[in-house]
Each structure stands twice: as structure tokens, then as C-alpha cells.
Amino acid sequence: MDTKEIILDVKNLNTTFVSDRKEVRIVKNVSFQVKRGTALAVVGESGCGKSVTMNSIMRFLGKNAKIEADSIQYNALRDGKVTEYHLEQIKNPNGPEMRALRGPDMSMVFQDPMSSLNPVYKVGDQVAEGLIQHTGMKKKEAREKVLEMFRKLGIPDPEERIDCYPHQFSGGMKQRVVIAIAMICNPELIICDEPTTALDVTIQAQIMELLKDLQVKEGKSIVLITHNMGLVAEMADEVCVMYMGRVVEFGSLEDVFDRTSHPYTKALLRSVPVLGLADGQKLETIPGSTPNPANLKPGCEFADRCPECTAACREKDIPTFEISPGHRVRCLKYKNFPEVE
Amino acid sequence: MLKFILKKLLMMIPMLLVISIIVFFGLQATGIDPINFMVSPEVLSANADNVEALRESLGLNDPLIVQYFRWLGNLLHGDFGYAFDGTSIASTLAVRMPYTFELAGYSLILSAVIGIGIGIISAIRQNGIIDYVGRVLAVLGQAVPQFLVGIILIQIFSIKLGWFPAANRVSPGATNQFLDAFQHLFLPVTTLTIGMVAVLMRYARNTMLDVLNSDYIKTARSKGIPEWKVYLKHGFRNAMKPVLVILMFRIPTLIGGSVVVESVFSYPGIGMTMTNAIVANDYNVVMVTTLIIAATMLICSFMVDVLNAIMDPRVRLGE
Amino acid sequence: MSNTTTTSIKAQNKSASSSLLKKNIRKFLNNKLAVFGLIVVVFMTLACIAGAIFQVDYATPNLTSMKAAPDSAHWFGTDTIGRDLYARVLFGGCYSILIGVFCAVLSSVIGAVLGAIAGYFGGKVDAVIVRISEVFQAFPQLVLVMMLVAILNKRGLGNLLFIFVVTGWMTTFRMVRNEFMSLKGETYVKVCEAFGMKRSNIMFNQILPNVMSPIIVSTTTNVAFFILQEASLSFIGLGVADSTPTWGNILNAAKSVSVVTNQWWIWVFPGLAISLFVLAINFLGDGLRDVLDPKQQ
């Protein structure tokens, strides 16, 4: 696959946090690709490192985080020409190289719209800020653009709302504003970090529809971090399942949902409530709890909770096997398949 | 906004009334008889009738409640009464109040600028040199009693070096009034400022660190704006509010501190007036000075409320 | 089956809490300044108590050796009327530390109880207590103390303790009240209420432990605050009488310029004692805060 097709290519990303003089590796050898114009869903329980992975790529982590990767390659497509950016080589997380990309190329929608907006500025000004920064537009022009964006995102009475403060907005409307901030410079890649977790269900559906529209109609590439399997089924083209900082299964939506291979993914899918659950049928849970990332045993992190665990699982790090083109699983059950990086 | 200001202003009135009641009846409860300070004991025992007439004419035999309202009425007319030595309290205060306001005002401005400035820089460059030095100084500034700082400053700058006078606010016959004021104010203002800076610096640093951890700072960074804009436009602006509030809470300490500092530097302000009055049991003066200080406090907190409202749209547009 | 799981959960909780305690102790010991603070506080307190137990002579003036510089007989020298300063600093330490600890603890208790009541019940009760605290806060604390000194019109240790406690509860009160206001909306409180628990039980057994950490930290730093406040008050001449030595009223001698210039030991030693102790308490408080209350530093 060439750089025109792949927008983001991450190889062997490791993120380590230094706390209390101890080093804890939260993200381990994570590799994945995002295809241009598609949606990738990153799923897993809370604390599995999915947010940290994305924040590592955008370089939003604090100074106590150490980010190492063989390659984090972002391929920008402008006027039919591809420009490659090697993000792992950028030293200063908030330096000019990184800043130039944030907004016009890649942007992020955060989890909690309540706290993602600065309470002391008008929403319109907050949306316009990035635009003015990157295009040097005059305030008046920028305002027109913001109004246009508000209309596109379905914010009612944009002329009036543009001069309101965040506290005058409902949660769903705030998230639309956050999306407007992410969208205003027309980026190609949008990373959505659990964009609907903090919202109620009906609003969730609206926001998701909005994002799907952006992807399908405007050809945006979207990375959706979530733990909601329902959303994944609706939104994603490809799915990346993470557990304890590792990618345990990666493949197309059909691969992961219909030809589920990793025991963890199977357990995850079984624990999703579905309408029409038979009377008396109990919703399954995954036994045990996630281990403490600070003191892990060798071998597969899921071994203690896995129904199909063998002695070999606890020996050493598990490699990844490609069981069909593009469908990769990190589990010894598939050791007869070719091993991949 | 106007409604908000009016409401806050109106709320000050009952507050002041309650305080005046506490001050008045509290000090009446001490049972100090002003007559004892006006008339010597021998005269007192010799002319019991005359003294009784004096009491009657001063209104000391009226019920307390009547005395209270008379006192309050006089205050409202600008008649602050007389100290036991017969001087008019109003005229004493007219000279001394501005002195205290000078002392506290300069210290407030100076410590706000220095404290908030260093605090913000320490937060941005966390664990840098400024942060480290600032933290050590803050800890020391909070540990050494204020009057001791004053004494040390006097020892170094007035006695050893002779650069600044150790006492008073004006030198008799000074020609350059500005220079004279500067010389007399320098040490007391420095003393007061050191303690304030220590607290403000710490607080500004921690508040700024908190703010820099908030989600909207990440949002700001996600727009690709330069770091200084992230810090000043998004960080500082939000950190200002809690810092202003703490500044308001520090004003009492500042005025309390000026009482001590005035005592160290024999600085003739309202604090020294009050201290001397308490030592001399001159409760007329104690009542008026406490009331004035309390009123000043209320006005300060009112101003911070208004400032707060201007800065925070949630308060400004609320209701 | 259920029995074994409950015990195992209990055992788990126990081991979790003991490992948390261990972790906290380790964290505290890693903070060198906090350990330094603890050692200094303990050492100075013990020294002062020892001085009091052995009844060092702090009160007898020795007119032949007034204003004597430090030597082997008088380690810290003597004061303006020839009393041994070393003994006075030790004894003064006892009183100063007593004042600091007593007032800090008692004012925290009062502040916590009132804060719990105001925050939990809200409404009229809250409004009344908040108004009272606002009236108190309309005065600078030192001025309030001075006014009470004027009202009580007698300078004694008991009066001073009373005044400090009466004027010192507001900060703890505000803090506890705010915490209670936010905590009472928590689900676990609602659950307790739904079970029909007694309100006093909910307030003091269920909610209060969650607020304990900041209370402990603020009590610690308040010890330093009250010691400094006593010193200031004594310095301006409104503290306890000279017959009861405190670090503050020993320093009162430094009001005279000639003492400041010529007899440095009279103000340097008590000044050092008070600064060192307050410094140590502040380090200790900061260390406790880091361990107990990592949120607010």
C-alpha cells in the first residue's frame, strides 16, 4: 500500500510514564494504519491505553511521558501530491513543526465537551482562533467561516450563538463547537477521543451521524476511540482492539466482528448488551479485573482472564500473527499463521 | 451588571450595621469608664456631684441603645468623637489613614506584580531555576515573622548602611517630598511585600499549574497556536480569577500585617493608632479604627466581586 | 460460597489499605524536606518539654550579668534584666508550641463541625453560619484579635487561647463546608440516606473521613500560623504578660533600637527558634499534603 492510501502509519509505538521514580510502560509496541477516507475504531476497556496512544501521536502528553516509535508517519495529500511527515523525529512537542500540523492537517475532538472549552471566551472566538492562526485571516472573514461551519454542524441560530459563552450551551451543542474547532482548518485526519461518552444517548446518535457524514461526504479520515461496540459497528471501516497497552486484534470491521479471533475480543463482544436478550439469559462479563500495569507478569497480559489460556501463554511476549490479509491477532492460538512485525 | 453592583452594595449596609453593633456593645462590655480618663481620681472623689453632671451632659447615663444610635448618628455626620486625651479622632485619622493606605496600597500592588509574575513563570517552567529559587524564598518568607524581617531590614539598611530612616513617615523640614516619602516607605513596604509575595507566588504557581492541566488548554494546543498564546491567553486569563480571590483574602492579612509593620517602624498609621489606643484603653478610638478597617475590608471585597464579575462571563451573565 | 468471597474481599481491602499506608509512608520518607521538618519539630518540642520538666530557671533576673553575651554559663546570653535566654527560649517554646497546637486543633474541630452542619443541611442553617463567618472575616484577623483583647481587657494565656480559637475557625469552616456541599450530592451519600441512616452518622462517619486529609494538613499549617500570630501580638505588646515567656514576648525586647544594634543575641536566638520551628512545620505540612491530598498542592 502506498502513501496515497495510508494517511497515518504507526510502527512500534511505546509510551512510558515516569512516576514516583518508576517507569511504567502504558503503550507497548503498538502498530496500526489508518486508510485515507476511512474510519478506524480503537476499542478496549478504560485504561487500556487507547487515549494515550492517540495523545502520543498528537504529542499532547505531559513532560513525564516518554514517547518512542520506529515510525509515526503522517502523509498529507495536498492537490494530489503527498507530503510525508515523520512525527517521531519532531523533538519539541509544542514546537513549530508540530503546531503547523495541528489544525490544518490533524485535529482532535476531546472526550468531555464540558471542560474542553475555555469558559472565559466566546465560542465563536475560540473556533476562529485556529483559523486566524493558520490562515492569517481577518477577524471578520473568520467570523463568516465560523458561521458557515456552525450551520454545517447544525448549530441553531448561528448568528446569535456565535457570541455566546460555553456555559450557555448544552452538552451536545458544546461538543458541536468542539468539533467546529477541530474542523475549522479543514484537516484530513480527525481523532475523536470518546466524543460521546459524556453526552446522553439521543445526542450521541446525532454527534455520531455528524462525524459519519464528515467522513463519507468530505472524505475525512477518522480515528474513533471508544468502548462502545455499538458505535463501532455503525461507524468503523476497520477496528483496532487494545488490551493493556497492546493491539491484540486488528482488522476490517467484518474480520473483527464476524471472524472474531482473539479471546479478549470474543469476550468483549459477548459482554455487549443486545436488545432481545432472552429471558433469564445473563449478560456475560469478563472474569477478573485488569492487572496493574506497574507490575505485570511475563507473557500474555490477558492470560489470567482467558478461558483458552495455556502454559506457553505465560512464558514470553506474544508475537502477532496475520491470519488473513490485514487481519492480525496477538494470540498463540494462531501460531501456525505467519508472524508479522 | 448594574443590578449586581447595586445588590452587592446594598448587602454591605446590614453587614456594617452588625459590625458596628458588635464593636460598640463589645467595647461597652469592658466596663471601662471614660470619666476615669478625663478626671483625675482626687477630683473624682472630691466633686462627685460635678462628675455626675458631666456624665449627664456626655450622655453616659442614657441607656446603651440610645448611646449607640447617638454614636452611629454622629459617625454618619462625620463626627468621630474625641480620644480620651481630648484630640479629635477625625483630625488624627485624616492624617494617619492616608499613610496606612499608602503603605498597604504600594505593598499590594508590588506583591501582586512580583508574586503573580514569578508564580506564573514558575508554573510554566516547572522545576526550573526560577521555580526552585522562588519556592525556597517563599518558604523562608512564610517562616520568618514579619516583625523580625522588619528588624533585620532596619539593622542592615538603617543602622549599618544608613540608607533609609528607621522610623516615621515624614522627616521634619524635608525639601523633596517625593524622595522623603520614598525613603520612609521603602523599608516598611518591603517588609509587608515579602510576606505577601511568598503566599501569592505559591498560590499563583499552583493555580496556573491546575489551569495548565485543564482540558481547554489541550484544546488550545490542538489549534496549533504558539505556546505563549496558550499560556497567556488561555492559561493566565483563567488563573487570574482564583488568584484575584486569594488577593482579596489576603487584604485582611495585609492590613493586619501593616499593624505590626507600623509598630516596627514607628510608622504613624491607623494600625499604630489602634495599637496605642488598645494599650491605653481608649475605646472611642478603638471603636472608630476597627469600624474603619472593617469598612475598608468590605469595600475591598466588593471591588473584587465586581472585578470577578467583569472577568468571568458566568458571573457577569448569570441571573 | 458467599462467605468465602466476603472474607476474601475483606482481606483484599485490608491488604490494599495496608499497602496504601506503606506506600504513603514511603512517599513521605522520600520527601526529604518533610522528614527534615518532622525531625526538627519533634526535636524542638522534646527539647522544650525537657526544659520544662527539669524546671530550668527562666524567671530569676541576675542583676550582675545583664545583657551578657553568650558564653559557657549562658549559652544564649542574658536579656535586658539578666535572665538566662536559653532557659527562656526553651520555656517560651513550650508555651508557643502549646498555643499553636491547642488553637490549631480546637479551631479545626469547631470549623469542621460547623462546616459539616452548614454544608450538609444547607438552607437557613447554612445561611446563618455563613453570615456569622462573614462578619468575622470582615475584620483582618489580627485586628479582630486586638479588638477582643480590648474587650476582654486582660492579658492572660487563657484569654489568648480563647481569642485565637474564636477568630481562627473560618478557613477550616469554608473548606469543610465546600467539600460537604459537593460530597452530599455523591451517590454513596444518597445510598446512606436511602438506608435511613442517622444524619449525624452520615455527616461524621460517612462524609467527614473524606475531608479528613485537607483538615489534617490545614491544622498542621495552622500551628505555624498561630505561633506567628502570637509572636506578632506579643511584639506589639498585646500578647500574654511577660511573666509567661513565649517566643513572641521574648522578641518584644527587640522593639528597642539599642537592643537590636548592641545585643544581637537577645533577638537572634528566639527569632531563629521561631523561624526554624515554623519552617519545619510548613515543610511537614507540605509533605503531608503531598501524601494525603495530592490533588491540591
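Throughout, read-outs are computed from the coordinates displayed, never taken from laboratory work. Note that the structure is a prediction, hence the values are computed from the model and not measured. So basically every Cβ, Gly included, is an ideal-geometry build from the backbone, and we count neighbours across all protein chains shown.
Amide H to amide H distances under 5 Å link A:Ile191 with A:Ser107, A:Met108, A:Val109, A:Val223, where only residues 5 or more positions off or on other chains count and H is placed in the peptide plane. For region B:42-154, the Kirkwood radius over C-alpha pairs fed into Stokes-Einstein at 20 °C and 1.002 mPa s yields D = 109 µm² per second.
Once every DSSP H run of n ≥ 4 in chain C is given -39500 (n - 2.57) and the sum is divided by its residues, what mean residue ellipticity at 222 nm do you get, rounded to the nearest 500 deg cm²/dmol?
Estimated from H runs of four or more residues: -25000 deg cm²/dmol.
Taking packing as the residue-averaged number of other Cβ atoms within 10 angstrom, the listed peptides B:248-261, C:222-235, B:292-305 run from highest to lowest as C:222-235, B:248-261, B:292-305.
Geometric descriptor of region A:60-143, per residue, is 141 Å³ (volume of the convex hull of the Cα atoms). Within the straight-line cut-off of under 14 Å between alpha carbons, the aspartates and glutamates reachable from A:Lys297 are A:Glu315, A:Asp317, sequence neighbours fewer than 8 places apart in one chain being disregarded.
What number do you get for region C:170-297 when its Cα radius of gyration is normalised by 2.2 N^0.38 Å, N = residues? Mind showing how you got there, number by number?
Values: Rg = 21.4 Å, N = 128, 2.2 N^0.38 = 13.9 Å.
Cα-based Rg divided by the globular estimate yields 1.54.
Residues with beta-carbon under 13 Å from that of C:Ala34, excluding C:Ala34: net charge, scoring Lys, Arg +1 and Asp, Glu -1?
Numbers: positive: C:Arg26, C:Lys27, C:Lys32, C:Arg289; negative: C:Asp286, C:Asp290.
Its environment carries a net charge of +2.
For B:Lys229 and A:His227, a Förster radius of 51 Å and the Cβ-Cβ distance give a FRET efficiency of 0.90, rounded to the nearest 0.05.
Could you work out, residue by residue across C:132-141, how many beta carbons of other chains sit within 10 Å of that residue's beta carbon, and then give the average as an integer? Intermediate results must be reported in sequence, preceding the final value.
Details: counts 1, 0, 5, 6, 2, 5, 14, 10, 15, 4.
Taking the mean over all residues of the peptide, I get 6.
Between C:Ala52 and C:Asn201, take the C-beta separation as r, use R0 = 41 Å, and let me know the FRET efficiency to the nearest 0.05. With R0 = 41 Å, the Cβ-Cβ based efficiency is 0.50. Between B:Val95 and C:Ser17, the simple label model (points 7 Å from Cα in the Cβ direction) yields a spacing of 6.7 nm. For chain A, adding -39500 (n - 2.57) for each run of n ≥ 4 DSSP H residues and dividing by the number of residues yields -8500 deg cm²/dmol at 222 nm. For region C:149-255, trypsin sites (Lys or Arg not before Pro) are listed when DSSP marks them as loop and at most 13 other Cβ atoms sit within 10 Å of their Cβ; the list is C:Lys154, C:Lys198. The DSSP beta bridges internal to the protein assembly as shown are antiparallel in roughly 65% of cases.
Using Cβ counts within 10 Å as a stand-in for footprinting exposure, how do A:Cys164, A:Cys313, A:Cys48, A:Cys192 rank, fewest first?
Working: A:Cys164 17, A:Cys313 20, A:Cys48 25, A:Cys192 28.
Arranged by neighbour count, lowest to highest, A:Cys164, A:Cys313, A:Cys48, A:Cys192 become A:Cys164, A:Cys313, A:Cys48, A:Cys192.
Per 10 Å bin, what percent of the C-alpha pairs of region A:198-282 does each bin hold, from zero upward? Percent of pairs per bin, in order: 14, 43, 34, 8, 1.
Rg of the Cα atoms in chain A, relative to 2.2 N^0.38 Å, amounts to 1.03.
Figure the gain on full extension for A:Arg78 and A:Lys91 (residue separation times 0.36 nm, minus the Cα-Cα span) and round it to one decimal in nm. Walk me through the intermediate numbers first.
On the way: separation 13, 0.36 × 13 = 4.68 nm, distance 2.47 nm.
That pair, A:Arg78 and A:Lys91, stretches by 2.2 nm at full extension.
Are there trypsin sites (Lys or Arg not before Pro) in region B:88-145 that DSSP marks as loop and that have at most 13 other Cβ atoms within 10 Å, and which are they?
Values: sites: B:Arg96, B:Arg125, B:Arg135; in loops: B:Arg125.
Those that pass, being in a loop and sparsely packed, are B:Arg125.
Looking only at other chains, what is the average number of their beta-carbon atoms within 10 angstrom of each beta-carbon in C:254-262? Display every interim value, and only then the final one.
Working: counts 8, 5, 0, 8, 0, 1, 7, 5, 0.
So the per-residue partner count for this stretch is 4.
In the structure shown, do any of A:Lys35/B:Lys233; A:Lys4/A:Lys140; A:Lys50/A:Lys220; B:Lys3/C:Lys190; A:Lys152/B:Lys241; A:Lys11/A:Lys66 have a Cα-Cα gap over 26 Å, and if so which? Violating the 26 Å Cα-Cα cut-off are A:Lys35/B:Lys233; A:Lys4/A:Lys140; B:Lys3/C:Lys190; A:Lys152/B:Lys241. Rounded to the nearest whole Hz, the Karplus-based 3J(HN,Hα) values (6.51 cos²θ - 1.76 cosθ + 1.60, θ = phi - 60°) of region C:38-43 follow the sequence 4, 4, 4, 4, 5, 4, with x at glycine and proline. Given 20 °C and 1.002 mPa s, compute D for region B:93-316 with the Stokes-Einstein relation, Rh being the Kirkwood radius over Cα pairs; round to the nearest whole µm²/s. So the translational diffusion coefficient is about 112 µm²/s.
Treating each Cα of chain C as one equal point scatterer and applying the Debye formula with no solvent, the log10 of I(q)/I(0) at q = 0.08, 0.13, 0.15 Å⁻¹ comes out as -0.46, -0.99, -1.18. State the percent of C-alpha pairs, over all pairs in region B:144-242, separated by a distance greater than 18 angstrom. Percent of Cα pairs beyond 18 Å in region B:144-242: 62. 3J(HN,Hα) along region C:116-130, derived from phi through the Karplus expression 6.51 cos²θ - 1.76 cosθ + 1.60 where θ = phi - 60°, amounts to 4, 5, 5, x, 6, 7, x, x, 5, 4, 4, 4, 4, 5, 5 Hz, with x in place of Gly and Pro. Taken along the Cα-to-beta-carbon direction at a fixed 7 Å, the label points for A:Glu68 and C:Ser258 span 7.4 nm. For C:Lys255, the lysines whose Cα comes closer than 18 Å to its Cα, not counting residues fewer than 8 places off in the same chain, are B:Lys160, C:Lys67. Protection proxy ranking of C:201-213, A:82-94, B:112-124, by the mean of other Cβ atoms within 10 Å over each peptide's residues and highest first, is B:112-124, C:201-213, A:82-94. Other residues whose C-beta falls under 15 angstrom from the C-beta of B:Ala112 contribute a net charge of +4, scoring Lys and Arg +1 and Asp and Glu -1.
Please compute the contact order of region B:93-316 in relative form: average sequence separation of alpha-carbon pairs under 8 Å and at least six residues apart, divided by the residue count, as a percent. Could you put the intermediate results ahead of the total?
Values: 246 pairs, mean separation 60.8, N = 224.
Computed over region B:93-316, the figure is 27 percent.
The aspartates and glutamates within cross-link reach of A:Lys217, meaning a Cα-to-Cα straight distance under 20 Å and a gap of 8 or more places when in the same chain, are A:Glu5, A:Asp79, A:Asp105, A:Glu148, A:Glu188, A:Glu209, A:Glu234, A:Asp237, A:Glu238.
Taking label points 7 Å from Cα along the Cα-to-Cβ direction, A:Val201 and A:Ser170 give a separation of 1.6 nm.
Legend: mean number of C-beta atoms from other chains within 10 angstrom of residue C-beta atoms, peptide C:227-238, equals 5. Report, in debye and to the nearest 20, how large the dipole of the protein assembly as shown comes out about its Cα centre when Lys and Arg carry +1 and Asp and Glu carry -1 on their Cβ. Roughly 1220 debye, rounded to the nearest 20. Taking max minus min of the alpha-carbon positions on each principal axis, the protein assembly as shown gives extents of 117, 66, 64 Å, largest first.
What the phi angles of region C:106-112 give under the Karplus curve with 6.51, -1.76 and 1.60, with θ = phi - 60°, is a coupling list of 5, 5, 5, 4, 4, x, 5 Hz, glycine and proline written as x. Remark on A:Val247: its backbone amide H falls under 5 Å from those of A:Ser31, a criterion applied only to residues 5 or more positions apart or on other chains, H modelled at 1.01 Å from N. Once backbone amide H atoms are built at 1.01 Å from N, A:Val42 has A:Leu224, A:Ile225, A:Thr226, A:Cys240 as its partners under 5 Å, excluding neighbours fewer than 5 places away on the same chain.
Answer rounded, prolate or oblate for region B:110-188, using the Cα gyration tensor with square roots of eigenvalues a ≥ b ≥ c: rounded when a/c is under 1.5, else prolate when a/b is larger than b/c, else oblate. Since a/c reaches 1.5 and a/b is larger than b/c, the shape of region B:110-188 is classed as prolate.
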